[in-house]
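S.K.: Quick one: the structure is below, questions incoming.
What follows is calculated from the coordinates using simple rules that are stated; it is not laboratory data. The shown structure was predicted, so the numbers you read here are calculated from the model rather than taken from an experiment. Heads up, the Cβs are rebuilt from the backbone with ideal geometry, glycines too, and the neighbour counts pull from every protein chain shown.
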Amino acid sequence: MQQPFRPKDPLREGSQFVKGVGPSRQKLLSRLGIETVEDLVSHFPRAYYDRSNLLPIGDIGPGADATFLATTLAVSLRTARRGQSILTVAVGDETGIVHLTFFNQPYLEKQFKQGTRIIATGRMRYYKGQKQIVAPDYELLSGELDESLIHTGRIVPVYPLTAGISQRMMRRIIKSALEKTMESIAENLPARVLASKDFPSRGRAFVEIHYPESWESLKRAVRRFKFEEVFFLHLLIKDRRIRVLGGRPRPDLSGPHPLLERFLESLPFELTAAQERVLGEIRSDVGRENGLGRLVQGDVGSGKTVIGVAAMMMAIGKGFQAAMMVPTEILAQQHFEKISRYLEGLSVSVELLIGSMSGREKGRVHEALREGSVDLVIGTHALIQEGIAFHQLGLAVIDEQHRFGVRQRAKLGDSGLLPHFIVMTATPIPRSLAQTVYGDLDLSIIDELPFGRRNVRTEIVEAEERDRVYAEVRDILHAGRQAFFLYPLIEESEKSDLLAATEAFERFQADEFGRFPIGLLHGRMSFEEKSKVVQMFRNGEIGVLVTTTVIEVGVDIPNASVLVVNNPERFGLAQLHQLRGRVGRRGSGGVCYLILGESSHHVASARLRLFAETDDGFRLAEEDLRLRGPGEIWGFRQSGMPAFRLINPVSDSDIVQQSWRETDRLLKTDPGLNYSENKVVSDYFRMYYKPRMAVADIG
Ligand code: ADP
Ligand code: MG
């Protein structure tokens, strides 16, 4: 078939062909991920200087950056000690004179002819009684002050750079890229949205974000790009949802739930008020046409898993199957044991399904799932592997995995009915981010711990105080409690000065903890080895467990009361909080030592201090988000999704909400994006955004 004719798109040309680039600079640009003209114009500034305010030289004081317009009066080039060259350019206006000094750039001399007009920005100081600026940013003026200014005399962009590319070079290159493409940057938002939100056109926005006319116009351009980032993401999520999940009926789980009641009665404890509330929310959802799709958040130990199991009783009681999926085999095993115990006497059949089971075992479980003789299955990703079929899955509970997209969801039940769905996480996801990632999942929060606040003291310790900590840990061990020692994961490729967990394990055995039984747990061990170690630790046969982050999620060791984290600066706060949740469960109190790395002993950063002071997981997660961005925390980067570049779904939640509403409205009136006024949207979405996002695991 003949391809429809499309004019050549200048944005997709190689950046190498932009004026001022060429093959060797292109190599440097590649390091910044810049390959095309579009990448260049999308290389947004990281900051701006306000150099729009021109001062008379006489008014310039020392200390702060100042921008001024002047005429070249005299130029001198001399060689100082050790062959260093010093170029001094005296420039002045009616109010005074300032000397501009450049070291080791003798070739600049010929630019500065007497009478040349210059606009410059720099920090003035007094040198031998005269005003001097070393290495100012400057621009020579051929004619009037005008639009062509790029380094000074205006609001000036400051770019992320790489070695070999200077700020001035980058400004010039991006300016030429903009000049080349400005006219051909197509709009991609509906005219109605532009008008109602007072956004500049896309082409204009690109110019403004690099070379703003004013702070006000910069703000409008930035808002437009932020909006764009979520707008197309939302379209994608909704598009996938319609295609993958659309129109499939949900199992009917409404009505009385006798099995659930019996389960609740059999529990050795009463639900907390927060658990009651969330379970109530879940019960009322299952009668809705859209079914149950809920994100349950709650701190470590708040009793989420119990609620997940309770919800599964609704499905099983109605003759459906239920599945719980967890991120690691250790956790699957632990849940399997615990849930089997909860369910004793309720005649519910429970199975485990994990990758490391023998082929025969797995085959048996597959078969049982297919024919419906299993009511409840607990497993890892093995649950959504090719070839798994359920007889009639009614509810899927995803525990401690906040990235679980529509496509995985679809795999969980491809037999007509679309299962109800709960995601449970101890990593608090602020509402606006949840909406971005999950779209229409409802939120529930278990904001109460069964035994009240954990009583865990957190102490930040310098590396030199290690021995004191070890002595304290020995005391605690003597009292019959247990301890975790946690080490950051070490990439094999990475030459690191950190103590590996294995090294510590060997040293502890020979030395500091020689009198206690010690275990080692890390990611490269087989499942059998790991599960044996966890078992021994739980039984108290191991007193000290040296581990990497494999212990992170959900592992429950009630008797552990010390956590020693090595190089805590290597961990995210939410992650540390999860880990801290491993000790002092059952309200018994505990202590968490953060032993700073050798090289970082003076930086008990604000982050870690906040961590030591607060036990509020939500606060910590928000702080993490603010500092590290959602890309790091929710693994968007690994998921193939370009991280949000400008928008921060937490602080820009208003934009997220607006985009959600606009995309709803758009798809409601024109689901296929066929109307002519929506053509700009569908062109960009279909030809450009969607193909690029094809691999992203999101929504
Ligand atoms: P989470 O999944 O939120 O970390 P779990 O569901 O694993 O929490 O519960 C942590 C521990 O507290 C488990 O041992 C569980 O049996 C217990 N538990 C849960 N809810 C309650 C409650 N309401 N009262 C007492 N203990 C509870
Ligand atoms: Mg749990």
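S.K.: Each residue of segment 648-663 in turn: what ³J(HN,Hα) in whole Hz from Karplus with 6.51, -1.76, 1.60 and θ = phi - 60°, glycine and Pro shown as x?
M.R.: 10, x, 7, 7, 9, 4, 4, 5, 4, 5, 4, 5, 4, 5, 5, 5
S.K.: Please report, in debye to the nearest 20, how large the charge dipole of the chain is about its Cα centre when each Lys and Arg carries +1 at its beta carbon and each Asp and Glu carries -1 there.
M.R.: Once rounded to the nearest 20, the dipole reads 1860 debye.
S.K.: Spelling out what I want: for every residue of segment 372-387, take phi, set θ = phi - 60°, compute 6.51 cos²θ - 1.76 cosθ + 1.60 (Karplus), and round to whole Hz; glycine and proline get x.
M.R.: Values, residue by residue: x, 7, 9, 8, 9, 10, 10, x, 9, 4, 3, 6, 10, 5, 3, x Hz.
S.K.: Now for a different question. For the chain, what's the relative contact order in percent, using C-alpha pairs closer than 8 Å and at least 6 residues apart?
M.R.: 12
S.K.: Let me ask something additional. So if I place +1 on the C-beta of Lys and Arg and -1 on the C-beta of Asp and Glu, and nothing else carries charge, what would the dipole magnitude of segment 258-446 be about its Cα centre? I want it in debye, nearest 20.
M.R.: Taking the Cα centre of segment 258-446 as origin, the dipole is about 300 debye.
S.K.: Related question: What percent do you get for the relative contact order of segment 196-317 when only Cα pairs under 8 Å and 6+ apart count?
M.R.: That works out to 25 percent.
S.K.: For segment 181-223, just say rounded, prolate or oblate: build the C-alpha gyration tensor, square-root its eigenvalues into a ≥ b ≥ c, call rounded for a/c under 1.5, and beyond that prolate if a/b exceeds b/c, oblate if not.
M.R.: Oblate is the answer for segment 181-223, as a/c is 1.5 or above yet b/c matches or exceeds a/b.
S.K.: Still on this structure, please answer the following. Describe numerically, in nm with one decimal, the distance between label points set 7 Å from Cα along Cα→Cβ at Glu541 and at Arg168.
M.R.: 7.2
S.K.: With the alpha-carbon atoms as the only input, what is the per residue convex hull volume for segment 136-289 in Å³?
M.R.: So the per-residue Cα hull volume is 276 Å³.
S.K.: Sort 225-232, 345-352, 648-655 by the packing proxy (mean of other Cβ within 10 Å over each peptide's residues), most packed first.
M.R.: 225-232, 648-655, 345-352
S.K.: Please say if the chain is rounded, prolate or oblate, where rounded means a/c under 1.5 for a ≥ b ≥ c the square roots of the C-alpha gyration tensor eigenvalues, and otherwise the choice is prolate for a/b larger than b/c and oblate otherwise?
M.R.: oblate
S.K.: Of all DSSP beta bridges located in the chain, what percent are antiparallel, nearest 5?
M.R.: In the chain, DSSP labels about 40 percent of beta bridges as antiparallel.
S.K.: Under the definition of Cα pairs under 8 Å and six or more residues apart, what whole-number percent is the relative contact order of segment 1-102?
M.R.: 17
S.K.: Which of the three applies to segment 53-153, rounded, prolate or oblate, going by the alpha-carbon gyration tensor with a ≥ b ≥ c and a/c under 1.5 meaning rounded?
M.R.: Oblate is the answer for segment 53-153, as a/c is 1.5 or above yet b/c matches or exceeds a/b.
S.K.: Right, another one. Between segment 175-193 and segment 74-91, how far is it from one alpha carbon centroid to the other, in angstrom?
M.R.: About 45 Å separates the Cα centre of segment 175-193 from the one of segment 74-91.
S.K.: Which one, Ser653, Asn188, Gly115, projects farthest toward the positive side of the charge dipole computed for the chain from Cβ point charges (K/R +1, D/E -1)?
M.R.: Gly115
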